[in-house]
1. Let me understand the stretch 34-130 better: what is its radius of gyration from the alpha carbons, and its Dmax, in angstrom?
2. Can you figure out the FRET efficiency of residue 244 with residue 99, using R₀ = 35 Å and their beta-carbon distance, to the nearest 0.05?
3. Students often check this: by mean Cβ neighbours within 10 Å, which of 280-292, 130-142 ranks highest, and how do the rest follow?
4. For the stretch 162-316, what's the relative contact order in percent, using C-alpha pairs closer than 8 Å and at least 6 residues apart?
5. Of the peptides 116-124, 307-315, how do they stack up when ordered by the mean number of other Cβ atoms within 10 Å, highest first?
6. Sort 258, 226 so the one with the fewest other Cβ atoms within 10 Å of its own Cβ comes first.
7. Between residue 126 and residue 163, what is 0.36 nm times their sequence separation minus the Cα-Cα distance? Round to one decimal in nm.
8. Given R₀ = 56 Å, FRET efficiency for residue 277-residue 217 by Cβ-Cβ distance, to 0.05?
């Protein structure tokens with residue numbers, strides 16, 4: 001079991017390959033707000049969350065984000081490359097392909113939400129993507145991805161997987177399509193993904209297409225038809241399982257010892273949020289090889305005996321959205 005010794009939530013210290021990034025509870029709470037004050041009595045949208053960026057070809061990057069809840073509603077989203085606005089989309093869209101980029105180049109992207117009156121919310125967190133090298137005179141498309149399959153994981157998400165396509169220069173990315181529209185992109189080394197943001201009790205049809213560095217698209221896979229679960233969704237199918245919590249005392253201080261099984265996703269989960277006594281306490285980021293079968297973490301909770309804490313944990317899914325919370329555990333120092 002790894003250990004950490006640091007006040008919560010100001011800082012964390014974790015040995016080994018785990019890098020813990022912690023923020024003050026007030027800051028974390030502010031980041032989750034749907035609106036902010038523009039200083040003149042108006043209300044601005046909050047910063048978009050769940051922002052991800054992945055190279056789609058040698059000259060394009062696919063940027064995705066979560067819808068921003070705000071009142072009045074968001075009217076549009078602006079996508080920035082560095083400090084330059086490169087795309088604007090209506091509020092109903094939460095992804096764009098940024099094109100006309102240079103091969104073998106790293107880019108930084110952010111997203112801002114715009115209110116109906118034109119007021120702009122803050123920038124999202126910065127995300128990076130690197131385009132692959134260009135290939136000369138490549139007009140050969142990848143083969144069709146094979147054996148597509150999937151399952152509903154609650155009312156708002158599905159998990160999809162497929163067999164890898166092949167290409168004479170290599171597959172750079174896979175597009176997940178709903179009808180004729182690409183709604184999700186993953187890297188060429190992945191053959192599965194979790195698609196979130198769906199509607200409960202709704203039937204969907206998904207296909208997968210492979211893309212190479214020249215932007216050539218494969219034929220679409222055979223469709224995968226799935227129906228999300230009806231009713232409200234608590235996200236339990238995307239939550240860590242077998243969650244356990246205990247305490248131990250060392251050098252006059254008490255520590256909370258956690259263990260869990262990571263949720264089933266297409267890629268290794270590298271980031272978690274721990275909620276302590278109803279508030280975000282710690283954000284964990286694995287800096288090396290993250291565990292697939294069982295994870296554990298220990299952190300400082302104070303020097304007083306007889307204090308009862310409630311704790312639970314959730315994972316950030318590969319598409320940049322948070323999964324469901326684990327079961328809540330109660331422990332006493």
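1. Calculated on Cα positions, Rg and Dmax stand at 13.6, 45 Å.
2. E(calc), rounded to 0.05, equals 0.15.
3. 280-292, 130-142
4. With pairs under 8 Å counted, the relative contact order is 19 percent.
5. Highest mean packing first, the order is 307-315, 116-124.
6. If I rank by nearby Cβ atoms, fewest first, I get 226, 258.
7. 10.1 nm
8. The computed FRET efficiency comes out at 0.70.
Throughout, read-outs are computed from the coordinates displayed, never taken from laboratory work. Predicted, not measured: the structure shown is a model, and the values here were computed from it. With ideal geometry, Cβ positions are generated from the backbone for all residues, glycine too; neighbour counts draw on all protein chains shown.
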